[in-house]
Amino acid sequence: METRKCIWMDAGAVEYQLCPLKQNCELCDFHKEMARGCRTHSREGNVSQVNVKAPSESALNFIPGLQYLPGHFWFKRVADGRIRVGIDAFLWQLFSSIHKVVTPEDKTILIQNQCFSWLLLGSGIIYLRTPIPGIIIRTNPIFLEQTLEVPHLHLSPESDLWLIELEVGDLVGFEYLTKDQYLNQTRDDCQRFRNLNSPREQDSQIPIRPGVTEITRNDFSKYLRAISNNQIYVC
């Protein structure tokens, strides 16, 4: 039986740890302990809070050549039967404090809605479920470094920030958003974030840095699930 490396081994957090659960991390006790430790040693201080960059509508754009999907994912055809999968600039703003991306090994077979990337932040881990099934061909070289050197990923060209390249079958049946649909969805999600944050800004006694918003982990997790059709969540 094939045994894969644990995502924490890939991330360099532990020297040796194998995964018996096919990277279904939400079922793994070891993962829960590591995630708890990640939060305990976080620079964020209060582990019940998450500091994120508030998304700005001025930074949003619809990039020709990218096929946008509901939930802030996109894919780009790069060859016959091959696509690159990424998340949009809206999410990269929210995840601007990311310091590591972990993906499964090449040749991993992904079924739809299986976790395909884990984004390590100082305040926790973001799980991404793939909107499209396929076989992983490679990971974006940007994300193979032990620690990301790019301080402002959300300012990079969106098409450069693909996460994985997949070998896929027929893409018929997937819902692509038009430009108007995508921009309307994203504006709505910006407003939803402002509505989520407003009561906390009024009540909080902790100064919030310019452009940075502090919200509860629980609220942030509910927000991400809502805007991504349950394809993104926080541990």
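Tell me, yes or no, whether region 128-146 has at least one residue that is in contact with a Gly (Cβ under 8 Å, 6 or more places away or on another chain) and at pLDDT below 80.
Yes, the conditions are met somewhere in region 128-146.
Being over 15 Å from residue 74 (Cα atoms) and either open to solvent by 90 Å² or more (accessible area, probe 1.4 Å) or at pLDDT 90 or above (or both) is the filter here, so list the residues in region 181-197 that pass it. If you could, list the steps in order and put the result at the bottom.
Taking region 181-197 and keeping what is over 15 Å from residue 74 (Cα atoms), we get 184, 187-197.
If the condition is that a residue be over 15 Å from residue 74 (Cα atoms) and either open to solvent by 90 Å² or more (accessible area, probe 1.4 Å) or at pLDDT 90 or above (or both), then 184, 187, 188, 189, 190, 191, 192, 193, 194, 195 are the ones that fit.
Filter region 91-120 for residues that are part of a strand (DSSP E or B) and either without any contact (Cβ under 8 Å) to a residue 60 or more places away in the chain or of a type in the set (D, E, K, R) (or both) and give the result. Give the steps one after another, and end with the answer.
So in region 91-120, the residues part of a strand (DSSP E or B) come out as 100-102, 109-110, 115-120.
Selection gives 100, 109, 110, 116, 117, 119.
Checking residue 208 against (1) surrounded by fewer than 20 Cβ atoms within 10 Å (Cβ to Cβ); (2) at pLDDT below 85; (3) not in a loop (DSSP other than H, G, I, E, B), which single condition isn't satisfied?
It is condition (3) that residue 208 fails.
Hey, among the residues in region 13-30 that are under 15 Å from residue 103 (Cα atoms) and open to solvent by less than 50 Å² (accessible area, probe 1.4 Å), which one's modelled with the lowest pLDDT?
Here the answer is 23.
Out of the residues in region 60-114 that are in contact with a Lys or Arg (Cβ under 7 Å, 6 or more places away or on another chain) and β-branched (Val, Ile, Thr), state the one that is surrounded by the fewest Cβ atoms within 10 Å (Cβ to Cβ).
Ranking the qualifying residues of region 60-114, first place goes to 78.
The values are calculated or read from the model by the stated rules, or taken from the named source; none is laboratory data. None of these values were measured; they are calculated from a predicted model. Heads up, the Cβs are rebuilt from the backbone with ideal geometry, glycines too, and the neighbour counts pull from every protein chain shown. Ligands, DNA and RNA are stripped out before the accessible areas are found, and what is left, the full protein with its side chains, is counted by its heavy atoms. Shrake-Rupley method; radii C 1.70, N 1.55, O 1.52, S 1.80 Å.
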